[in-house]
Structure formats: structure tokens, C-alpha cells
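J.: After the C-alpha cells below, expect a handful of questions from me.
The values are calculated or read from the model by the stated rules, or taken from the named source; none is laboratory data. Only a predicted model underlies this, so the values are computations on that prediction, with no experimental measurement involved. Cβ placement follows ideal geometry from the backbone for every residue including glycine, while neighbour counts extend to all protein chains displayed. Accessible surface areas use protein heavy atoms only, side chains included; no ligands, DNA or RNA. Shrake-Rupley method; radii C 1.70, N 1.55, O 1.52, S 1.80 Å.
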Amino acid sequence: MDPNRCRSIEEVVDRMWERWRRLDRARDWRAVFAKTYLRTTEAIGEATARPGVFENPDWVVEIDCEFAWRYFEAFDRFEEGSDCPWPWQVAFQSAKSKRTLAIQDVLLGMNAHINYDLPYSLAATVPPTASGADLEAYRRDNQVLNEVLGSAIDMVQRRVASRYDVMLGAIDAAMCDRDEAFAGSMIRAWRARSWNSFMVLRTSNDPPAVDRLIEESAVDNALLLLEVQRAFPFLHWPNRAYRGLLWRLPKSAARSKM
């Protein structure tokens, strides 16, 4: 069995926690997205345990495990120097080069995972025979996932800010709830586009052309997210020094306090 394959959200969380802790101890900036993904996965796990949230909680568990596998695979391929999907290559290399703001680390990872990986995770877990009412039920659960993720934004933002960039906390306080509303809208839009990409994948007579479109669209998003460096080049060294200093402050690595 592929060691990156998990069968439960609890197992996914355990793997994510181990990976995040390793990155955090190494002061690797990829820890920022790793922590973000860990916290949102925990939120999904909690939602699947509540009766009535999803019509098909077993499918939500299945796609969550399949989705996480794609992230684990991309990460390991990047580490090995082998064929890593282009959107992930941009996200990982940008963090490794330490030229990103913490919010860029989060968004670059989300872009690669939602806009690139998600259509394929949907294709792998929604039965090919599903149509009509059955397909609509999957779509509704996918929409509920949007709301679960949206409701976790503020908590995730506070956790990431407290460990990696307190400026995120200042921005959060200054904007009241507007930043969460914007992030929630962005997640819904990206996930809706991924659902549409999945439907095109399922019905296309030219899958390679669809693959290219999905990949190129995600890469275009990533390059736009990186434009902050070009617009504000003076942020690079202060940001790098600040994040390096913040990382060296004493912190508990205890899982319950993470």
C-alpha cells in the first residue's frame, strides 16, 4: 500500500502533524501551509462526526483522504527532485527561497491544492456512474465543505499569526470580519471552479487539453500571488528578518497548544 494513502481523517491529521512538526523544527517556511492544512483538516474531521452536516459523510472522509494524498505526494516528489506538479513546484520553491509573506505561503498552497488537485480528487471519488440526483447530492456536500472551511478561517488565521506572523493578527483586528469574508468568498469561488473543472474532465473528449488548462490556470494564479514581491520589493529583507526572529522566540511544541 502507498505509505501516503490514509483511510481516515484521524490518520490524515496524524500524518500532517508529523510533517508540520518536522518543517517547523527545521524553520522551513513550508510549515505555514502545513499548519493551515492541518487545522482545516481537523475542522472537516469534526464536521464529519456531527450527524446531519453531510448527506454522505463517508464520501467526505474518502475525498479528504484522497485530497491529502495528493499533497503528500507532491511534497515528497519535490523533496526527491522528481516530477512535482507545476503549481506545487511554484508554492514549495517560493517558500524554500524565503521570499514570501506568510499569507502568500498560505494562498500559494491553497491555490495549488484547490485549483489543481481538487478536480482530480473529485474525479477519483465521485462514482463515474453518478448522474442526476446522485451527482447533485455530491455537489451539495461539496458546497457544505465550503461552509465548513469558511467557518474555520478565523481560527486558522489566529493560529498561523501567533506562530509565524503577528502582522496577520494586526490585519485581522483592523479589518474586523472583512478579511474572513473575502477569504471565504475566494475559497467558494475556487472550489466552484474546481467542481466545474471536474465536470469538464468527466465529459471531455480531450482529457490532455483539460489537464493543461487546469495546470496553467493554477500556475497563473500562483504567479499573480507572487506579484507582491515585484510591487513591494522593499518588503523582502524586513519580512525575512522578522520571520526569522519570530521563529526563534520560545514556543511550546506540544500538540495540544499548537
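J.: Could you give the accessible area per residue of the chain, probe 1.4 Å, as a whole number in Å²?
T.: Spelled out: the 1.4 Å probe surface of the chain, per residue, equals 50 Å².
J.: Shifting gears a bit: In degrees between 0 and 90, to the nearest 10, how far off the longest principal axis of the chain does helix 166-175 point, with axes built from Cα atoms?
T.: 70 degrees
J.: Quick one: pull the percent of accessible area on region 1-157 belonging to carbon and sulfur, 1.4 Å probe, ligands and nucleic acids left out.
T.: 50 percent
J.: While we're looking at this one, here's another question. Using the Cα centre of the chain as the reference point, and only Cβ charges (+1 on K/R, -1 on D/E), how large is the resulting charge dipole? Debye, rounded to the nearest 20.
T.: Its charge dipole is roughly 1340 debye.
J.: Enumerate by residue number the chymotrypsin sites (Phe, Trp or Tyr not before Pro) in region 1-66 meeting two conditions: DSSP loop (anything except H, G, I, E, B), and at most 11 other Cβ atoms within 10 Å of the site's Cβ.
T.: Listed in order of number, the matching sites amount to none.
J.: Among (i) -0.36, -0.85; (ii) -0.24, -0.72; (iii) -0.20, -0.62, which is the computed log10 I(q)/I(0) by the Debye sum over Cα atoms at q = 0.07, 0.12 Å⁻¹?
T.: Label (ii) holds the value from this structure.
J.: Suppose we flag trypsin sites (Lys or Arg not before Pro) only when DSSP calls them loop and at most 16 other Cβ atoms lie within 10 Å. Which is the longest uninterrupted stretch of the chain?
T.: 99-250
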